[in-house]
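All remarks here apply to the structure that follows.
Nothing in this text is a laboratory measurement; each read-out follows from the coordinates by a stated rule. Nothing here was measured: the structure is a model prediction, and the numbers come from that model. Please note: Cβ atoms are built from the backbone with ideal geometry, for glycine as well, and neighbour counts cover all protein chains shown.
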Ligand SMILES: [Zn+2]
């Protein structure tokens, strides 16, 4: 069979979900103004993920997790170093694969310096926010990681920081869309897979309960926009929506065997 570039371009992607951390907390901590729901408090678990899209020998990394020291400082249980997890499935961070940062919170943008030759895709407004004054106010800064944001500077110098305004196609079948709400530039990634369209919602949907019960996470920068994003995702024709932190997320998908067994799952066939 001869190589057909058009067919290769149209091949579906496989999504790999990697869990790298976890945290036990309470429902009243996880949800904003939890008392408004008039429900008893209870234990709650958040997991921390990053995602890899792969097709043939193409790889796109979506978010880079938190740095181990930053996770530990915040009392998160570091299950596996995100870079080690990537290497375990054959992804070399230094290889120059495109990286998408869905938003610049510490648990999504850590380790960025380990990708010295990657193009880094980030919403322009997200970069402006975290390099500007508003991002330093306590209610925002709590979730920020100025060190990680500063690690974007070399990418700016090399022309590797690709800032988009609304939407960008990273590769055929992979589109990143700014939705806002959780942070000014919070984005979701739409991926064409063998099982249909998959939306990596990242922290537009921390937990599936947010979509199912119209609840919002404890920290949302813009409440109307956050609700509007939930509506938009519910109305989408996606076959699968993947949350940013749901502790049941891995169980919804196909477990990945091998070195990340128990910590990773896949959506769609790998071709
Ligand atoms: Zn997050």
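Listed values, structure above:
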| read-out | value |
| --- | --- |
| Cα convex hull of the range 75-195, projected area averaged across orientations, nm² | 8.6 nm² |
| Listed peptides 215-228, 31-44 by packing density, highest first (mean Cβ within 10 Å) | 215-228, 31-44 |
| Inverse mean reciprocal Cα-Cα distance (Kirkwood Rh) of the chain, Å | 18.7 Å |
| Mean separation of Cα contacts under 8 Å, 6 or more apart, over the residue count of the range 1-144: relative contact order % | 20 percent |
| Sequence of 62, 174, 15 once ranked by neighbouring C-beta atoms within 10 Å, starting from the fewest | 174, 15, 62 |
| Peptides ranked, highest mean first, by Cβ atoms within 10 Å: ranges 184-190, 78-84 | 184-190, 78-84 |
| Reference-scaled alpha-carbon Rg (2.2 N^0.38 Å with N residues) for the range 141-271 | 1.15 |
| Relative contact order, percent, the chain [alpha-carbon distance under 8 Å, six or more residues apart] | 21 percent |
| Most mobile listed residue (181, 244, 157) in the chain, GNM with C-alpha springs under 10 Å | 157 |
| Over the chain: helical MRE at 222 nm, DSSP H runs n ≥ 4 each giving -39500 (n - 2.57), nearest 500 | -6000 deg cm²/dmol |
| Max mean-square fluctuation residue, GNM over the chain, Cα-Cα springs under 10 Å, options 137, 27, 124 | 137 |
| Order of 251, 126 under a 10 Å beta carbon neighbour criterion, fewest first | 251, 126 |
| Ranked 28, 243, 117, 202, criterion: other C-beta atoms within 10 Å, fewest first | 117, 28, 243, 202 |
| Projected area, mean over directions - the range 1-114, Cα convex hull, nm² | 9.7 nm² |
| C-alpha long axis of helix 223-235 to longest principal axis of the chain, angle in ° | 50 degrees |
